[in-house]
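The values are calculated or read from the model by the stated rules, or taken from the named source; none is laboratory data. Please read these numbers as outputs of a predicted model, since none were measured by experiment. Note that we place each Cβ from the backbone using ideal geometry, even for glycine, and neighbour counts take in every protein chain shown.
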């Protein structure tokens, strides 16, 4: 037999075999569809074959792709108030939870669930891959500015919020909470599951207030909506999850970071509201005066060196760094930041976010940043020796480096660096200025009340702190006979809290030869460094705070609580 004839026979055989396999596949699919239809009749669920069914982007996006793939469920039709869903296992309890959550978001919708075959699911699921608009569509959840305005109009004081939320329908509760939080300029929303009820707390100006109590029976519906809103997995309740969403307003954009955590009585959720206006603090508005203002201004105008901010979490370190960056930002200056996470977007500045899951750490990111030829580098936090060493070397080789470190005072930053393992002979010339800071609440100017401090010990403490302000600082405390103290009142403009907004109290420690000698000596003491800085004119946080108390901006209680 010739080779040509042999190839022709083999090709014909292959073609016939492919046709046979194709026919058998069609027969198998038909048999499966018949079996699925029979099963649907036996369990009392409608059946549908999705072969050739026109599925729209709006319908398919009703269920997140990850949930669809995991639960083998798809929304194949969504017209008006009719939502049709197909599932391979419609009696799966997790599917019921997902459908309940969709129903909560659209209470007037009629949701019909159908039994579908694996083949129908594959055909429908393909739409996630082939329709690009699906990726950019929200997962069926959106909070509009109109909704927020609707609820904000009826929102009075914080103390009245609990009564309002008790009158709200289930679908309104979460939107009402977020709307009230935005109006009250809340930084964090805590929704916490307890044994008998759900507690809603707002963090306003650093203080948590209980604003509402919700019946425990509705918690599973609320947490489901929270998860849908933040793009989290509804069926995972035993592990922490992190998500986010954005609220676009006419003149603002609010990034909301969501964290869920399993607790004894069910999951609790925390929302972090990052409002773009919060980054609008300018360097001139930080409240620095005299030598402190001169020292920090001189440091940020330097072409190299390290400027470090210190303080506990929530003390305003990032806001201070952003204020410095805003002042330094111009077209002739290359600024790159490395943050965890990026909290606010800054126009004209390159911002990069570390990702431990992808092995992109502060140290790795800082190495890469230095290859980008920056003039100024901002590192969100120095946590380890590797990052510290790279930052120090960058400061010594012509870069201005801004960063934060967790210590209780400006003087405490130096022992902290050395405890990490940093070399004193490199640290000493690298450091330019260290900022110690805290945040205190500002008295509401509309309702603050003049008061007298009757306790002689507190008065003596105030007098002692103010009397030790160094002359070199360029600031002098007013005469004791003119002292006036104020306390909180309560009015509608401050939500009856008596305080509205916060401001920083600072100590600015500029490096000099005496402090460098202490570092190089190897016998480093925070107290010795503090004494040297004060003798050279540094005002402490307590002194700065009390000067602001006497100017009527805040109260003595706030300063003593913040600065000790």
Given the conditions (1) outside any strand (DSSP E or B); (2) on the phi < 0 side of the Ramachandran plot, and given that residue 268 satisfies all but one, which numbered condition is not satisfied?
(1)
Being touching a helix residue (DSSP H, G or I) at 6+ places or on another chain (Cβ under 8 Å) and modelled with pLDDT of 90 or more is the filter here; which residues of the range 219-241 pass it?
241
Restricting to the range 163-184, give me the number of residues that are surrounded by fewer than 17 Cβ atoms within 10 Å (Cβ to Cβ) and out of contact with any helix residue (DSSP H, G or I) (no Cβ under 9 Å at 6 or more places or on another chain).
4
Would you please name the residue that is modelled with the highest pLDDT, looking only at residues in the range 306-333 that are at positive phi and surrounded by 20 or more Cβ atoms within 10 Å (Cβ to Cβ)?
311
When residue 445 is evaluated against the numbered criteria (1) under 30 Å from residue 184 (Cβ atoms); (2) assigned to a helix (DSSP H, G or I), which criterion, by number, is the only one it fails?
(2)
Those residues of the range 544-562 which are farther than 18 Å from residue 457 by Cβ, part of a loop (DSSP other than H, G, I, E, B) and in contact (Cβ under 8 Å) with a residue 60 or more places away in the chain amount to 552, 553, 554
Meets criteria (closer than 28 Å to residue 246 by Cβ, assigned to a helix (DSSP H, G or I) and under 21 Å from the mean Cα position of the chain (by Cα)) for residue 338
no
Reported set for the range 192-213 where residues are more than 25 Å from residue 488 (Cα to Cα), surrounded by 21 or more Cβ atoms within 10 Å (Cβ to Cβ) and either out of contact with any helix residue (DSSP H, G or I) (no Cβ under 7 Å at 6 or more places or on another chain) or free of Cβ contacts under 8 Å to residues at least 60 places away in the same chain (or both) is 198
So, in the range 224-263, exactly how many residues are in contact with a strand residue (DSSP E or B) (Cβ under 8 Å, 6 or more places away or on another chain) and in a loop (DSSP other than H, G, I, E, B)?
8
Verdict on residue 361 being more than 26 Å from residue 283 (Cα to Cα), touching a strand residue (DSSP E or B) at 6+ places or on another chain (Cβ under 8 Å) and surrounded by 15 or more Cβ atoms within 10 Å (Cβ to Cβ)
no
From the list 469, 515, 532, 508, which residue is in a helix (DSSP H, G or I), in contact (Cβ under 8 Å) with a residue 24 or more places away in the chain and touching a helix residue (DSSP H, G or I) at 6+ places or on another chain (Cβ under 7 Å)?
515
Find the helices (runs of 4 or more DSSP H) located wholly in the range 17-123 whose residues include 3 or more that are surrounded by 12 or more Cβ atoms within 10 Å (Cβ to Cβ), at pLDDT 80 or above and not assigned by TED's automatic domain parsing to the domain that holds residue 175, and list them.
65-71, 93-105
Pick from 448, 442, 493, 488: which is without any contact (Cβ under 8 Å) to a residue 60 or more places away in the chain and either over 30 Å from residue 306 (Cβ atoms) or surrounded by 19 or more Cβ atoms within 10 Å (Cβ to Cβ) (or both)?
493
Evaluation of residue 183 against (1) under 25 Å from residue 343 (Cβ atoms); (2) at pLDDT 85 or above (one fails), failing number
(2)
Answer yes or no as to whether residue 243 is touching a residue at least 12 places away in the same chain (Cβ under 8 Å), under 24 Å from residue 70 (Cα atoms) and not assigned by TED's automatic domain parsing to the domain that holds residue 536.
yes
State whether one or more residues within the range 539-554 are farther than 23 Å from residue 287 by Cβ and surrounded by fewer than 16 Cβ atoms within 10 Å (Cβ to Cβ).
no
For the range 207-218, indicate whether the set of residues that are at pLDDT below 85 and outside the structural domain of residue 94 (by TED's automatic domain parsing) is non-empty.
yes
Does residue 414 fit the bill of being under 30 Å from the mean Cα position of the chain (by Cα) and part of a helix (DSSP H, G or I)?
yes
Is one or more of the residues making up the range 365-381 assigned to a loop (DSSP other than H, G, I, E, B), within 28 Å of residue 536 (Cα to Cα) and at pLDDT 95 or above?
no
